[in-house]
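Visitor: My questions will all concern the structure given below.
None of the figures in this text is laboratory data; all of them are computed from the coordinates on show. What you see is a predicted model; the values in this text were computed from it and never measured. FYI the Cβ positions are ideal-geometry reconstructions off the backbone, even for glycines, and counts take in every protein chain you see.
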Amino acid sequence: MSRGDDYDLRFSERAAAGLDVHGEADFVQALGPASVLDAGCGTGRVAIELARRGVSVMGVDVDPEMLARARAKAPALDWRLGDLATVELPAGAFDVVVLAGNVMIFVEVGTEADVVANLAPSLAPGGALVAGFQLKPDRLSVADYDRYCADAGLVLAERWSTWDRRPWSSGDDYAVSVHRRSPR
């Protein structure tokens, strides 16, 4: 079984047990986007669900095996192989860029600021960069992430402890952050 199959199996089992596996898509859809970049899309779970709901999506991932699985499941969608720190993206093309599934703590250590700086210009004016990731002492902190976003011209609009919008506090071990590009 491939890594992509293993990843998908986890979510299939959760769905079969009656658990909601579309919290990220629900969160993003509530922002009302017409276009979304699923950055670090893996096997395409979030992008495929958003497309099913009528949102125009593009998925980018650095892992060819995971991306092959996404392409197999939804061949009509725009899937691109690339490193989030360097991949070329259309300027101003997306209402939302989402980094679900701990993407920010799985990028190459030391490239987190580069990832944010590379993704920010792809946001439409007023667009949102949405990232959810675990908070651990040896990983990316919200303070560092906020600084990278500010350096890229993005302003914190909201922060939650879960994708279902539970209020966030500094003691939480997970954060879902929404940073916005200026509307001008």
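Visitor: Sorted by average packing, counted as other Cβ atoms within 10 angstrom per residue and highest first, what order do 165-176, 148-159 take?
Guide: In descending order of packing, they fall as 148-159, 165-176.
Visitor: Given a 10 angstrom Cα cut-off, can you work out which residue in PHE94, PHE27, PHE106 is the most mobile in a GNM of the chain?
Guide: PHE106
Visitor: Something else: Whose amide H sits under 5 Å from the amide H of TYR174, counting only residues 5 or more places off or on another chain, with H placed in the peptide plane?
Guide: For TYR174, whose amide H was placed from the backbone, the distant partners under 5 Å are LEU135.
Visitor: How much of the DSSP beta bridge set in the chain is antiparallel, as a percent to the nearest 5?
Guide: If I count the DSSP bridges inside the chain, around 45 percent turn out antiparallel.
Visitor: Follow-up. Counting each DSSP H run of 4 or more residues in the chain as -39500 (n - 2.57), what helix-only mean residue ellipticity at 222 nm follows after dividing by all residues, to the nearest 500 deg cm²/dmol?
Guide: Computed mean residue ellipticity for the chain: -9500 deg cm²/dmol.
Visitor: Could you give me the ³J(HN,Hα) list for the range 42-55, computed from phi with Karplus coefficients 6.51, -1.76, 1.60 and θ = phi - 60°, whole Hz, x at Gly and Pro?
Guide: Per residue, the Karplus-derived 3J(HN,Hα) values read x, 8, x, 3, 6, 4, 5, 5, 5, 4, 4, 8, x, 8 Hz.
Visitor: Another question, if that's okay. If r is the Cβ-Cβ distance from LEU81 to ARG53 and R0 is 25 Å, what FRET efficiency results, to the nearest 0.05?
Guide: That gives a FRET efficiency of 0.50.
Visitor: While we're here: With θ taken as phi - 60° and the coefficients 6.51, -1.76 and 1.60, list the Karplus ³J(HN,Hα) couplings across the range 160-177 in order, rounded to whole Hz; mark glycine and proline as x.
Guide: 10, 8, 8, 5, 9, 6, 6, x, 9, 9, 4, x, 5, 9, 8, 9, 10, 10
Visitor: Assigning unit charges at the beta carbon (Lys, Arg +1; Asp, Glu -1) and nothing else, what dipole magnitude in debye, to the nearest 20, does the chain show about its Cα centre?
Guide: So the dipole magnitude of the chain works out to roughly 480 debye.
Visitor: Continuing with this model, one more query. Measuring from label point to label point, each 7 Å out along Cα→Cβ, what is the ASP173 to ARG159 span in nm?
Guide: 1.8 nm
Visitor: Looking at GLY32, PRO137, THR86, which one has the Cα that reaches farthest to the positive end of the dipole of the chain (charges on Cβ: Lys, Arg +1; Asp, Glu -1)?
Guide: GLY32
Visitor: When ASP63, ASP164, ASP95 are ordered from fewest to most other Cβ atoms inside 10 Å of their Cβ, what list results?
Guide: With the fewest neighbours first, ASP63, ASP164, ASP95 line up as ASP164, ASP63, ASP95.
Visitor: Is the shape of the range 3-181 rounded, prolate or oblate, going by the alpha carbon gyration tensor and its root eigenvalues a ≥ b ≥ c, with a/c under 1.5 for rounded and a/b larger than b/c for prolate?
Guide: Note, shape of the range 3-181 comes out rounded.
Visitor: So what is the relative contact order for the range 3-181, in percent, with contacts set as C-alpha pairs under 8 Å and at least six apart?
Guide: Contact order relative to length: 18 percent.
Visitor: Also: Counting only DSSP beta bridges with both residues in the range 85-184, what percent are antiparallel, rounded to the nearest 5?
Guide: Antiparallel bridges: around 75 percent, rounded to the nearest 5.
Visitor: GNM, the chain, Cα, under 10 Å: largest mean-square fluctuation among GLY42, GLY101, GLY110?
Guide: GLY110
Visitor: Between ASP138, ASP83, ASP114, where does the largest GNM mean-square fluctuation fall for the chain, given springs only between Cα atoms within less than 10 Å?
Guide: ASP138
Visitor: Take the alpha carbon atoms of the range 151-184, find their center, do the same for the range 40-115, and report the distance between the two centers in whole angstrom.
Guide: 19 Å
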